[in-house]
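Chemist: Before we start, here is the structure in question, set down as structure tokens.
The values are calculated or read from the model by the stated rules, or taken from the named source; none is laboratory data. Since this is a predicted model, take the numbers as computed values, not measurements. Quick reminder, even Gly has a Cβ in these numbers, built from the backbone with ideal geometry, and neighbours come from all protein chains shown.
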Amino acid sequence: MVAVKRTLPAPPELQSRWAAVLEESGFRPTVLQLHDRFPEERSLEVPFTSVDGADTGLADLLLERPEEVLEAGERAMRELLPVAGPEAEGLRLRVVGLPSTAHRQVRAIRESDLNRFLALEGIVRRVSEVRPQIRDAVFECVACRTKFHEPQDEASLVFREPLECPESQGGCGKTQGRTRFRLVAEESSYVDAQRIEIQEHPETLRHGAHPQGLTVLLTEDLTGEVLPGNRVTLNGVLKSFQRASASRQGVVRNTTFDLMLIGNSFETKAREYDEIEISPEEAAVIEGFRRDPTVVDKIVMSLAPTIKGMEEEKEAIALQLFGGVVKRHSDGVRVRGDVHCLIVGDPGTAKSQLLRYVADVAPRGIYTSGKGATAAGLTAAAVKDDFAGGRWVLEAGMLVLADGGMAIIDELDKMNAEDRSAMHEVLEQQTVSISKAGITSTLNARCPVLAAANPKWGRFTGDRTISEQIDLPPTLLSRFDVIYSIKDLPDQERDRRLASRILASHRDIEAEMRGESPGPGGSLAPPFPPDLLKKYIAYARRNIRPSLSQDALDALEDFYVKVRRQGEEPNAPVPITARQLEALVRLSEAAARARLSEVVEVVDARRAIHIMETFLRRVSMTEEGKLDIDLTQSGVSHSQRERLDIVMRIMRELQDEHEGHFTMEQFREAAEKAGIPIPKAEALVQSLRNQGEIIEPRPNQLQLVRF
């Protein structure tokens, strides 16, 4: 069946129909106000529903032939003005809220969409600088000195030059070969222009699919309003322009055309997770869990159900998915509500599989591996690109694209130290600052970070503390709210139980492939299927903003003071700091949000306290059995710091006694007399040597660089 193209009404008829729509919808006062405020404000936003409600035929024509219909609408706007001055030509008509039939995924665009009014949803990936773009070029004929106009195609990247001196504009009619044309730049007209590139939402992609992008041209007052990482809906006219490539014969034009959207308007997401569609029936099912006291435990059971065990880690990750409440103090200081979590474990403990599952159920989860990540790929970069005509553009990295979602980084320890250092600002301030090539910008990266890493020597050993075996700088570790270590220790009873579960899951999968029912003791379906869990998280984050009750505040305060009291003993380490108190608040709010509760109660505070106690017991416990938060905050425990002070004092005394240097044998003897075990003393010497604090001017002679 061949589609019949609708004949467009005459321009006067379109203009009169637009005038009726603007009058009926009550836009006349707004047009008059725009005329008075020009050029600060110049655009009239008209919802598509207003056009459709007043004139359905005009709304259909707007989607099919947008350029002519919009031009008629702008003429109708000018007719509403009492005096049509030169500023009236600058008024623009912007249509927002296009119907679902006009919405397209970038990968779903086809040739039938050309020259139609479309709405594209996506993430802004790249943004060029705002630069003037010539719209109406004025040329002067060298032969007859006549000046004439040559309109430019705003969708084309090629500057259009005249082929002849037009007689219609008073010219001599000579062609380009018989005369030359000079561009009169000062008399030509320009508009602000900016090219951006939008990319598909990561959560809408199939597994392994590469996100596709599309270039969008924004002009006039639409420029400078979006930044990389923004989630927007761009409304505009889809255009095509021909590709060209250079060869020995000159420029060769290809038969393949590129696409560009000429932006008419854009809409930013008014609320978080608006792109996650939740039907009324699904909302009713989710609301049914509001009165369930075991809903958090059910969510924990639904996280990677095929991975047996790791309940404490799953509980922390479950609360991370919901997150706390963002707060902004009266002085403008923003307190993040996102919870950052780090898992450091032995090989074969299913860390990567757990992270992959979380990336699937998180409403906006983006996964990457540290092996293939750079600082620019994680945060943002200023790069030169043909996309913007060889100029510098801002390109968003993974953490910026995850703004409002969740960033999942596997193999964090495999990243280069320089690339890893780019995460410090993201974890605490949740922003990315760029200063390069004259571009200074700050982008948002408001997302929780879930990361996984392996121990420094591949596997945890029993002769060192856990914190010593985490191969990450203390400045980075201190920004994680929860750090879990997973040891793979042989245990006959536990190993038999785990092996039985793993083998049973294989048996059940094979039974399902044969169409049989699972065997006895087979794996049961999780309380929350992945799709429902994703929508449950989006619903909770969108609608629930819990506040702290006095009982919950008292419980958190009592725990904090009780743990801090351990540091009041003589020579005792500092067990906990205010950073952990902030983390407790975030975890408590996340627990309440997971219950769909508007109030943080004592049960939520106790759940947060349990997670914090597990973290401190695993990672911040010293050899003497005391909590020492400095193990993760500074990398040096209280006892190590005291031991280092003694070692430095011994070295200074030995240098004074032996003419400015000492031998290793002399140091061992003095350290043993001071009560420091020789292996620990030698380890401190090696550490000081690596830091450049000790040099060896001659064989078997050591010397402190600074006394």
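Chemist: From A382, A375, A362, which residue is surrounded by 21 or more Cβ atoms within 10 Å (Cβ to Cβ), in contact with a Lys or Arg (Cβ under 9 Å, 6 or more places away or on another chain), small (G, A, S) and over 19 Å from Y484 (Cα atoms)?
Modeler: The conditions single out A362.
Chemist: Is it fair to say L44 is at pLDDT 85 or above and assigned by TED's automatic domain parsing to the domain that holds F257?
Modeler: Taking the combined requirement at face value, the residue does not satisfy it.
Chemist: Here's another thing I want to ask about it. Of all residues in region 117-132, how many are surrounded by fewer than 17 Cβ atoms within 10 Å (Cβ to Cβ) and either part of a strand (DSSP E or B) or modelled with pLDDT of 90 or more (or both)?
Modeler: Of the residues in region 117-132, 2 are surrounded by fewer than 17 Cβ atoms within 10 Å (Cβ to Cβ) and either part of a strand (DSSP E or B) or modelled with pLDDT of 90 or more (or both).
Chemist: Take the residues in region 653-668 that are surrounded by 14 or more Cβ atoms within 10 Å (Cβ to Cβ) and without any contact (Cβ under 8 Å) to a residue 24 or more places away in the chain; name whichever of them is nearest to A683 (Cα to Cα).
Modeler: R668
Chemist: A follow-up question, please. Which numbered condition in (1) modelled with pLDDT of 90 or more; (2) exposed (fewer than 14 other Cβ atoms within 10 Å of the Cβ) is the only one that S100 fails?
Modeler: (1)
Chemist: Given the criteria surrounded by 14 or more Cβ atoms within 10 Å (Cβ to Cβ), on the phi > 0 side of the Ramachandran plot and at pLDDT below 90, does G90 qualify?
Modeler: No, not satisfied.
Residue-by-condition table, conditions (1) modelled with pLDDT under 85; (2) in a helix (DSSP H, G or I); (3) touching an Asp or Glu at 6+ places or on another chain (Cβ under 9 Å):
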{"site": "A137", "(1), (2), (3)": "no, no, yes"}
{"site": "R145", "(1), (2), (3)": "no, no, no"}
{"site": "S156", "(1), (2), (3)": "yes, no, no"}
{"site": "F159", "(1), (2), (3)": "yes, no, no"}
{"site": "P162", "(1), (2), (3)": "no, no, yes"}
{"site": "G177", "(1), (2), (3)": "yes, no, no"}
{"site": "R182", "(1), (2), (3)": "no, no, yes"}
{"site": "A193", "(1), (2), (3)": "no, no, yes"}
{"site": "I196", "(1), (2), (3)": "no, no, no"}
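Chemist: Going residue by residue through region 260-277, is there one that turns out to be touching a Cys at 6+ places or on another chain (Cβ under 9 Å), surrounded by 12 or more Cβ atoms within 10 Å (Cβ to Cβ) and at pLDDT 85 or above?
Modeler: no
Chemist: Say whether the condition of being part of a loop (DSSP other than H, G, I, E, B), of a type in the set (A, V, I, L, M), over 30 Å from G365 (Cβ atoms) and touching a residue at least 24 places away in the same chain (Cβ under 8 Å) is met by at least one residue in region 214-222.
Modeler: No, region 214-222 contains no residue that is part of a loop (DSSP other than H, G, I, E, B), of a type in the set (A, V, I, L, M), over 30 Å from G365 (Cβ atoms) and touching a residue at least 24 places away in the same chain (Cβ under 8 Å).
Chemist: Can you go through V585, V602 and tell me which one is within 32 Å of the chain's Cα centre (by Cα), under 24 Å from E313 (Cα atoms) and not assigned by TED's automatic domain parsing to the domain that holds I343?
Modeler: Of V585, V602, the one residue that is within 32 Å of the chain's Cα centre (by Cα), under 24 Å from E313 (Cα atoms) and not assigned by TED's automatic domain parsing to the domain that holds I343 is V585.
Chemist: If I ask for residues that are under 17 Å from E601 (Cβ atoms) and among the hydroxyl-bearing types (S, T, Y), which ones from region 281-332 would you list?
Modeler: T294
Chemist: Also, quick follow-up: Failed condition for E312, given (1) crowded, with 23+ Cβ neighbours inside 10 Å; (2) assigned to a helix (DSSP H, G or I), with all others met?
Modeler: (1)
Chemist: Between D471, D481, D488, D419, which is under 30 Å from A381 (Cβ atoms) and in contact (Cβ under 8 Å) with a residue 60 or more places away in the chain?
Modeler: One residue alone meets the criteria, D481.
Chemist: Still on this structure, please answer the following. Give the residue, chosen from V602, V563, V619, that is of a type outside the set (K, R), touching a residue at least 60 places away in the same chain (Cβ under 8 Å) and out of contact with any strand residue (DSSP E or B) (no Cβ under 6 Å at 6 or more places or on another chain).
Modeler: From the options V602, V563, V619, the qualifying one is V563.
Chemist: Restricting to region 321-333, name every residue that is within 24 Å of Y539 (Cα to Cα) and part of a loop (DSSP other than H, G, I, E, B).
Modeler: Residues satisfying the conditions are G323, G324, V325, V326.
Chemist: If you take the residues of region 25-47 that are touching a strand residue (DSSP E or B) at 6+ places or on another chain (Cβ under 7 Å) and under 15 Å from L80 (Cα atoms), which of them is surrounded by the most Cβ atoms within 10 Å (Cβ to Cβ)?
Modeler: Selected residue: L34.
Chemist: Assuming G236 fulfils every condition listed in (1) at pLDDT 90 or above; (2) part of a loop (DSSP other than H, G, I, E, B) apart from one, which condition is it?
Modeler: Unmet condition: (2).
Chemist: So, one more: So which residues in region 546-575 are at pLDDT 90 or above, farther than 28 Å from A304 by Cβ and not in a helix (DSSP H, G or I)?
Modeler: Residues satisfying the conditions are S547, L548, S549.
Chemist: Which residue pairs have Cβ atoms under 9 Å apart, sit 6 or more places apart or on different chains, and have a first residue in region 184-198 that is assigned by TED's automatic domain parsing to the domain that holds D136 and buried (at least 17 other Cβ atoms within 10 Å of the Cβ) and a second that is part of a helix (DSSP H, G or I) and of a type outside the set (A, V, I, L, M)?
Modeler: Matching pairs, first to second residue: A193/E220; R195/F387; E197/F387.
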